[in-house]
């Protein structure tokens with residue numbers, strides 16, 4: 001669950017170009033000439049940084065956030081109010097692991113269909129579909145084996161778009177998730193959501209000295 005959350009945050013922070021959190025920063029651009037042949041992302045001789053195809057403009061950001069805030073609807077209790085996670089129309093903040101889980105699997109496969117180029121949208125949709133198929137309540141061995149064959153291709157599609165700085169251990173850990181599913185079974189047997197909810201309940205019931213002072 002935390003792999004999915006971190007993967008989602010890396011994608012959104014980079015697409016939205018969130019300062020301090022995006023993987024497409026000056027340092028990654030300066031490293032490109034030595035380690036990558038993406039000449040369209042290289043800093044030019046005038047010191048100007050080209051705008052990548054995977055970055056949303058201000059207008060498209062507004063379209064995305066307005067869609068999430070006003071048009072996206074889920075059943076009661078399915079997910080928290082995503083409109084509250086939109087911070088000043090610039091980024092998502094305060095999203096819990098389950099919120100990222102829902103967005104990754106239910107919204108990411110089509111959220112950028114009209115906002116990003118087709119190759120970028122299809123690469124992101126493939127990742128969202130991968131996590132969705134891996135998180136189903138019942139798993140078939142042949143389906144998991146197919147996911148195991150597909151995930152390297154999906155990551156290669158991302159590598160064709162994003163700079164090398166985008167990829168850290170989280171992205172590469174996704175390669176091992178289908179194998180873990182073959183060993184463990186359906187992914188909900190390894191989720192921590194129920195234990196986090198139980199810990200929240202216990203913390204609310206705990207009478208600490210700090211709360212006694214407040215009372």
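A short reminder: the numbers here are calculations on the coordinates, not readings from a lab. Keep in mind that this is a model prediction, so the values were computed, not measured. As a convention, Cβ positions derive from the backbone with ideal geometry for all residues, glycine included, and neighbour counts pool all protein chains shown.
Take the Cα of residue 118, step 7 Å toward its Cβ, do the same at residue 176, and the gap between the two points is 3.7 nm. Relative contact order, whole percent, for region 2-214 stands at 22, derived from Cα pairs under 8 Å and 6 or more residues apart.
Relative contact order for region 2-122: 26 percent, from Cα pairs under 8 Å spaced at least 6 residues apart, divided by residue count.
To the nearest ten degrees, helix 193-205 and the longest principal axis of the Cα atoms of the chain are 50 degrees apart. Take each peptide in 34-40, 152-158, count the other Cβ atoms within 10 Å of every residue, and average; sorted highest first, the result is 152-158, 34-40. With the helix formula -39500 (n - 2.57) applied to DSSP H stretches of n ≥ 4, the chain reaches a computed 222 nm mean residue ellipticity of -15000 deg cm²/dmol.
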